[in-house]
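See structure below.
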Amino acid sequence: MTIFVSIAAYRDHDLGATLRDCIAKARWPDALRFGVCWQYAADETPPPDLGRKRMRLISLPWYESRGACWARAELMKLYDGEDWFLQLDSHHRFAQGWDALLLDQAERSGSALPLLTTYGAPFTPGEPLAPGEPTAIKLYCFRGDGTPSTGVWIRPDFADRAAPVPARYLSAHLLFAPGRFVADVPYDPELYFYGEEITLAIRAFTHGYDLLHPSRHVLWHQDPRRLTPLHWDDHVAGQGVAVTAAERDAASLAKVARFLHHRPIGPFACGTARSFADYEAYSGLDFVRHSASPAAKRGDDPVKPVPLHAWRLRIGIDRQALPAAAFDQPRFWYVGVHDDDDVEIARHDADRLELSAALALGSERIVIERQVRSNRPPTRWTVWPVDRRGCWTERLSGTVVAEQVA
């Protein structure tokens, strides 16, 4: 059993203490493999040398940093097949046997893809640690830009729980999941700060991961963080940086808004195990109206996802119905499957390789076969080609008869 521990550290004097405490409090310290992105100023002390077997280091001066999400994306590239993936901040203290606690909680969850996450209890370096207690994440409000604002919450019923508790949200400073998470839900390096956690939570959920809060105390998180410089303090006009923090933040918020309202495709899009609509139903959040259900506001357990069924279907399209641009080196064809209410329940686009094979047959009817997983029967399909210039062409749709296979 091995754990890849990802830590992005921006000019953080507490990094060394965090690494030492992480190792000292682990039940199985030899199983830990650290990936650290150290972003430093010239007069700052480098992290301790943990040895080539134990530590993979990315080091760069602070002015070359592109933010926390970029650093976390870079660290994922250092993952080397470890059994588990753990993402942390660089300012933590740990409960005794924290690794055994997380593994025990993962086993108790009964989930094939558990994702344990929460905001740690607060601590201040140099001061005694307060008694540790398990925490959850609760909604405060929706910000003006449409992203949920969340914070740490002490749930009164945690003492009665042995297994982890279903969660709506995700913390970027404690994220523990099977190692395949790195490939399933890669970090988007273009995000900056706000929106990082909600987009990651939705992407993980739609890839089939079960969001869970540990019912046992695992770690503390430094609060407040402003004991050392922050990225947005340094990356301002006049400091010689290529892009300011404000510019990165504006571009990031625009990308988060596109994700929450337009469901873009690509490597940082939703998965296909569950839909975006499934997440809204599970969490009680409405991203169009910027509202939350009473249960979500109270912090009640979210609605348990309905078991998914597998459906096999064939989409037949008359060649003459397609626009000419659909055949002229298209980038891809959007292929969406919808329910009776015209809600998208699955999306599996046809890429250039699939299109090349299908169009080369020269038949009058082009057939696209798909197998999707959904808790609702698929009844309609939509095919929407994107031409070689990246422009959306004519949208086609029709009814489909799907066969349930599992």
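Scan segment 22-49 for residues that are out of contact with any Gly (no Cβ under 6 Å at 6 or more places or on another chain), open to solvent by 30 Å² or more (accessible area, probe 1.4 Å), touching a residue at least 12 places away in the same chain (Cβ under 8 Å) and charged (D, E, K, R) and report the count.
2
Which of the numbered conditions does Tyr119 fail, given that it passes all the others? Conditions: (1) open to solvent by less than 20 Å² (accessible area, probe 1.4 Å); (2) under 21 Å from the mean Cα position of the chain (by Cα).
(1)
Quick check on this structure: which one of Tyr209, Tyr169, Tyr192, Tyr140 is of a type in the set (Phe, Trp, Tyr) and touching a Phe, Trp or Tyr at 6+ places or on another chain (Cβ under 8 Å)? Don't jump to the end; show me each part of the working.
Numbers: Tyr169 fails: touching a Phe, Trp or Tyr at 6+ places or on another chain (Cβ under 8 Å); Tyr192 fails: touching a Phe, Trp or Tyr at 6+ places or on another chain (Cβ under 8 Å); Tyr140 fails: touching a Phe, Trp or Tyr at 6+ places or on another chain (Cβ under 8 Å).
Unique residue meeting the criteria: Tyr209.
Scan segment 316-331 residue by residue and report those that are outside any loop (DSSP other than H, G, I, E, B) and open to solvent by less than 40 Å² (accessible area, probe 1.4 Å).
Gly316, Ile317, Ala325, Ala326, listed by residue number.
Looking only at strands (runs of 3 or more DSSP E) that lie completely in segment 108-226, which have at least 2 residues being modelled with pLDDT under 95? Steps first, please.
Numbers: elements: 114-117, 121-123, 136-142, 148-153, 174-178, 210-213, 219-222.
Here the list reads 121-123, 136-142, 148-153.
Being more than 24 Å from the chain's Cα centre (by Cα) and open to solvent by 70 Å² or more (accessible area, probe 1.4 Å) is the filter here; which residues of segment 122-160 pass it?
Scanning segment 122-160 gives Gly126, Glu127, Pro128, Leu129, Pro131, Glu133, Pro156, Ala159, Asp160.
Kindly list, by first and then second residue, each pair from a residue in segment 50-67 that is free of Cβ contacts under 8 Å to residues at least 60 places away in the same chain to a residue that is open to solvent by 90 Å² or more (accessible area, probe 1.4 Å) and of a type in the set (D, E, K, R), limited to pairs with Cβ atoms under 9 Å and residues at least 6 apart or on different chains.
Note: pairs meeting the criteria are Arg54/Asp30; Met55/Asp49; Arg56/Asp80; Leu57/Asp49; Ile58/Lys77.
Would you tally the residues in segment 57-94 being among the basic types (Lys, Arg) and part of a strand (DSSP E or B)?
Initially, segment 57-94 is screened for residues among the basic types (Lys, Arg), giving 66, 72, 77, 93.
Pick out the ones that are also part of a strand (DSSP E or B) and you get 93.
Residues meeting the conditions: 1.
Write out, first by first residue and then by second, each pair whose Cβ atoms fall under 8 Å of each other, whose residues are 6+ apart or on separate chains, and whose first residue, in segment 386-404, is more than 18 Å from Gln371 (Cβ to Cβ) and part of a loop (DSSP other than H, G, I, E, B) while the second is open to solvent by 30 Å² or more (accessible area, probe 1.4 Å) and small (Gly, Ala, Ser).
Asp387/Ala325; Arg388/Ala325; Cys391/Ala325; Thr393/Ala325
Enumerate the pairs (first residue in segment 139-157 and at positive phi; second residue anywhere and in a loop (DSSP other than H, G, I, E, B)) with beta-carbon separation below 7 Å, excluding pairs fewer than 6 apart on the same chain, so at least 6 apart or on different chains.
Gly146/Phe287; Gly146/His290
Suppose the filter is surrounded by fewer than 13 Cβ atoms within 10 Å (Cβ to Cβ), of a type outside the set (Phe, Trp, Tyr) and at positive phi; does Asp342 pass it?
Criteria met by Asp342.
Wholly within segment 241-315, which helices (runs of 4 or more DSSP H) include no fewer than the required count, namely at least 3 residues that are open to solvent by less than 60 Å² (accessible area, probe 1.4 Å)? Walk me through it before giving the result.
Details: elements: 245-262, 276-283, 294-298.
Those helices (runs of 4 or more DSSP H) span 245-262, 276-283.
Could you grab me the full set of residues in segment 365-378 that are more than 13 Å from Leu322 (Cα to Cα) and surrounded by 13 or more Cβ atoms within 10 Å (Cβ to Cβ)?
Ile368, Arg370, Gln371, Val372, Arg373, Ser374, Asn375, Arg376, Pro377, Pro378
Is there a residue in segment 229-238 that is assigned to a loop (DSSP other than H, G, I, E, B) and surrounded by 19 or more Cβ atoms within 10 Å (Cβ to Cβ)?
Looking through segment 229-238, at least one residue is assigned to a loop (DSSP other than H, G, I, E, B) and surrounded by 19 or more Cβ atoms within 10 Å (Cβ to Cβ).
Somewhere in segment 347-364, is a residue open to solvent by less than 70 Å² (accessible area, probe 1.4 Å), hydrophobic (A, V, I, L, M, F, W, C), under 25 Å from Phe276 (Cβ atoms) and in a loop (DSSP other than H, G, I, E, B)?
There is no residue in segment 347-364 that is open to solvent by less than 70 Å² (accessible area, probe 1.4 Å), hydrophobic (A, V, I, L, M, F, W, C), under 25 Å from Phe276 (Cβ atoms) and in a loop (DSSP other than H, G, I, E, B).
Does Trp381 fit the bill of being in contact (Cβ under 8 Å) with a residue 60 or more places away in the chain and either in a loop (DSSP other than H, G, I, E, B) or open to solvent by less than 60 Å² (accessible area, probe 1.4 Å) (or both)?
On the way: in contact (Cβ under 8 Å) with a residue 60 or more places away in the chain: yes; either in a loop (DSSP other than H, G, I, E, B) or open to solvent by less than 60 Å² (accessible area, probe 1.4 Å) (or both): yes.
So Trp381 fits the description; yes.
The values are calculated or read from the model by the stated rules, or taken from the named source; none is laboratory data. Predicted model only: the values in this text are computed from it and were never measured. Note: ideal-geometry Cβ built from the backbone for every residue, glycine included; neighbour counts use all protein chains shown. Side chains included, ligands, DNA and RNA excluded: accessible areas come from the protein's heavy atoms. Shrake-Rupley method; radii C 1.70, N 1.55, O 1.52, S 1.80 Å.
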